[in-house]
Amino acid sequence: MIRMKDINKGYMLGEEKLPILKNINFSVKEGEYVAILGPSGSGKTTLMNIIGCMDVMDSGEYFLDGMAIHSTPEEDLTEVRNQKIGFIFQNYQLIPTYNVMQNITMPLIMRGMHHKEAEEACMETIKLLGLDHRLEHRPSELSGGQKQRVSIARALVGKPSILLADEPTGALDQNSGKDVLKLFRELNEMGNTIVMITHDLNVAQSAKRIVRIVDGELYE
Ligand SMILES: Nc1ncnc2c1ncn2[C@@H]1O[C@H](COP(=O)(O)OP(=O)(O)O)[C@@H](O)[C@H]1O
Ligand SMILES: [Mg+2]
């Protein structure tokens, strides 16, 4: 599903390039549930942005679903992201003026799907998540745990190749965080491939495999 070979990424600091990701080798098979564990500043979000095709690497090879991302033009990556990746963020990134249904159907509408079909897909997805009676609510009317479930529904609705979550429990109280991790395990048991990024060992231990990132280097 994911195969990364010798990925390097740095940022310019004045005249010099500051290395952030150093020779990363990382693979994920279909159906895996992997946590990337590392302290703040270790390069987790930088790596997630590359996995999610939101940022480009300086060197290395990245195959996603057999597609060579490293040689795909940047203007084609929007479609790759929309089709293949389901993003889940710490701060949910829901659209505040949209209701739950509109937030969830948005990635399908972006693909050009008709509203009726998108709403049917939304209803299918939402059954899993217990949000049936919240479809008309705006994000501001929901709890943190409910907002994260909406964002998980939005990530799932397009049947992506992988779910990519950056600190998905980071903004939640302990119980809502536990619920999200329980949901991730259920989604994984249903066959979803999940890559979760966290600085919290307890959260990482919920995954089936843990890799560590320290100062831009990845260790199994
Ligand atoms: N756009 C950027 N320009 C320069 N430095 C950056 C940029 N984004 C991140 N960094 C630096 O890269 C390092 C890793 O950042 P990040 O990937 O966000 O780490 P993490 O998510 O593990 O906390 C940090 O030292 C950060 O300051
Ligand atoms: Mg981060």
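Only the coordinates and a few stated rules stand behind these numbers; no lab work does. Quick caveat, the model's predicted, so the values are computed rather than measured. Virtual Cβ from ideal backbone geometry, glycine too; neighbours counted across all protein chains shown.
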Revision key, fill the gap. Per the filter on the stretch 14-47, residues near ligand 1 (Cβ under 7 Å from one of its atoms) and free of Cβ contacts under 8 Å to residues at least 24 places away in the same chain are LEU18, GLY41
Exercise for review: Answer yes if at least one residue in the stretch 181-195 is in a loop (DSSP other than H, G, I, E, B), at positive phi, within 14 Å of the chain's Cα centre (by Cα) and away from ligand 2 (no atom under 16 Å from the Cβ), and no otherwise.
Suggested key: no
Revision key, fill the gap. Residues in the stretch 35-80 that are touching a helix residue (DSSP H, G or I) at 6+ places or on another chain (Cβ under 6 Å), among the acidic types (Asp, Glu) and over 21 Å from PRO107 (Cβ atoms) total 1
Revision key, fill the gap. Result of the Cβ filter at 7 Å on the stretch 164-182, keeping first residues that are closer than 23 Å to ASN82 by Cα and in contact (Cβ under 8 Å) with a residue 12 or more places away in the chain and partners that are of a type in the set (Ser, Thr, Tyr) and within 16 Å of ligand 1 (Cβ to nearest atom), at least 6 apart or interchain, is ASP166/THR45; GLU167/THR198; VAL180/THR169
Review point. Going by the conditions given, is ALA153 within 16 Å of ligand 1 (Cβ to nearest atom), crowded, with 19+ Cβ neighbours inside 10 Å and under 15 Å from the mean Cα position of the chain (by Cα)?
Key: no
